[in-house]
Amino acid sequence: MQPDIESFLGYSRRFYDEHRFTNNGPLVRLLEARLAELHQSEHCITFASGFWALVLAMHSLAVPGRSEVVLPSFTYRRMADLAWWARLVPRFCDVERETLAVSRATVEPCINKDTALLLGVHPIVNCCPADELEALAADHGLPLLFDAVESAYETYGGRKVGTFGSAEVFSMHASKLLNGFEGGYVTTDDDELAGRLRYQRGFGFKGLDNVEMLGVNSKLNEVHAAMALAALDDLDAQVERNRARYWAYRDKLASVRGIRLVEFDEGERCGFKNIVVELLDDWPFTRQETLDALHAEGMLARPYYSPALHQKPASYRTEHGPLPVTEECEPRFLVLPSGARVSLDDVDLVVAFLAFLSSSGSRLGSGGRSSAGSSSTSGSRSSGSGHDQRAVSA
Ligand SMILES: *Cc1c(COP(=O)(O)O)cnc(C)c1O
């Protein structure tokens, strides 16, 4: 999602004229104020990436002396690495079949005497039940952090995402709703946490030459803040465009047999960014065959969070019990092309092609793939799924 270049250059001129390039410059401070307002949180602390925002927030919030963080397996592919950098052992929990989200019922069985932190991750369509998780965390006296990267625009129960739990983390990677090239931020109402994160992102410096805590260099710079501010100005318009694409997918997919759109809960505020579909039992192809056929047409669909994290080899310790819902769902979902460079005509082509697969698949059997490839529609459409570096141009 790319904002207007004049808007980006207009913001950039300000830091350039002031010779302030990084280290909590004027645009970073303006961006933090505007994001705190957007999320109705007391504090917003920006970072060079969502990754480091998550690591530092996890590290800061974990109960000292305990080792485990509870998080879903069916989620962002680097989530377990994040836990490792925060010196925590990931304990994977399951998700709900209906929502693909964690819930009290899926998280609670994973809590034990070693639990240091609960990490609620919003799925890429709709939110996890944030109030239910807050109550769970309170009952067990545990800190609760949200990865809210995919829910930056959303409300849950009418309340803006950004004020739930102890803190929430967002990304401004180019593939996400708010494009700052790279970047991330934490929102929180906790003054002490906000103060600590500010020091830690800048080497732990407190004052000119006084290092008081362990830190990293993960500051956001001014040119990234300029981009994010321009994107923020365009955010509502961008969501309107996303909504038009989503509605087009919804209306057209309704008549395609064997495929189900994961619908946004329009009773809440939604960003409408990602188009997720489930392949049902009467869909005639495997997910991989379906993806191969779409890719052969230049339609860059992606598997939804696959493989699940507990199914991948890791070079560090992880823990989990049985995860039946995750394992059932893992091969069934995909993310269809979306984002600024996908037109409504492109949506028509993608759905027409899926309808073709649906109706011809049973007849073609495994030969469906190559036959499908010959009904050529040209052009490359990028997925806005945000799970892959290739989606950067979306
Ligand atoms: C992209 C993403 C991140 C990481 O953000 P970066 O800014 O790319 O480091 C974390 N969580 C989720 C759910 C993401 O999609």
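The values are calculated or read from the model by the stated rules, or taken from the named source; none is laboratory data. Everything numeric here is computed off the predicted structure, so don't read it as measured data. Because the Cβ atoms are built from the backbone with ideal geometry, glycine has one as well, and the counts that use them run over all protein chains shown. These accessible areas exclude ligands, DNA and RNA; they are computed on the full protein's heavy atoms, side chains included. Shrake-Rupley method; radii C 1.70, N 1.55, O 1.52, S 1.80 Å.
Overview of results
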read-out	value
Accessible area in the full protein assembly, largest first, 1.4 Å probe, for Asp345, Asp281, Asp265, Asp94	Asp281, Asp345, Asp265, Asp94
Linear extension gain, Lys312 paired with Asp191, 0.36 nm per residue minus alpha-carbon span	39.8 nm
Gain upon complete extension [Asp17, Arg29; 0.36 nm per residue less C-alpha separation]	2.7 nm
Trypsin sites (Lys or Arg not before Pro) restricted to the range 76-140 and DSSP loop, no more than 16 other C-beta within 10 Å	Arg77, Arg78, Arg87, Arg97, Lys113
Percent carbon-and-sulfur accessible area, the chain, ignoring ligands, DNA and RNA, probe 1.4 Å	51 percent
Span-rule helices in the chain, defined as complete DSSP H runs reaching 27 Å or more along the axis (Cα) with Kyte mean at least -1.0	344-364
Kirkwood-Stokes translational diffusion coefficient of the chain, alpha-carbon pairs, 10 °C, 1.306 mPa s, µm²/s	73 µm²/s
Among 320-328, 38-46, 58-66, the order from most to least packed when residues are scored by Cβ within 10 Å on average	38-46, 58-66, 320-328
Structure-based [θ]222 nm, the chain - -39500 (n - 2.57) summed over DSSP H runs of at least 4, per residue, nearest 500	-11500 deg cm²/dmol
Relative packing of 308-314, 287-293, which averages over residues the other C-beta atoms within 10 Å, highest first	287-293, 308-314
Cα centroid separation, the range 43-68 to the range 231-286 (Å)	31 Å
Cα lying deepest toward the dipole's positive end in the chain, options Ala293, Val89, Leu253, charges on Cβ	Ala293
Within straight-line cross-link reach of Lys273, lysines at Cα separation under 20 Å, skipping those fewer than 8 residues along the same chain	Lys160, Lys176, Lys252
Bridge type composition, the chain - antiparallel percent by DSSP, nearest 5	55 percent
16 Å Cα-Cα reach of Lys206 towards lysines, excluding residues that sit fewer than 8 places from it in its own chain	Lys219
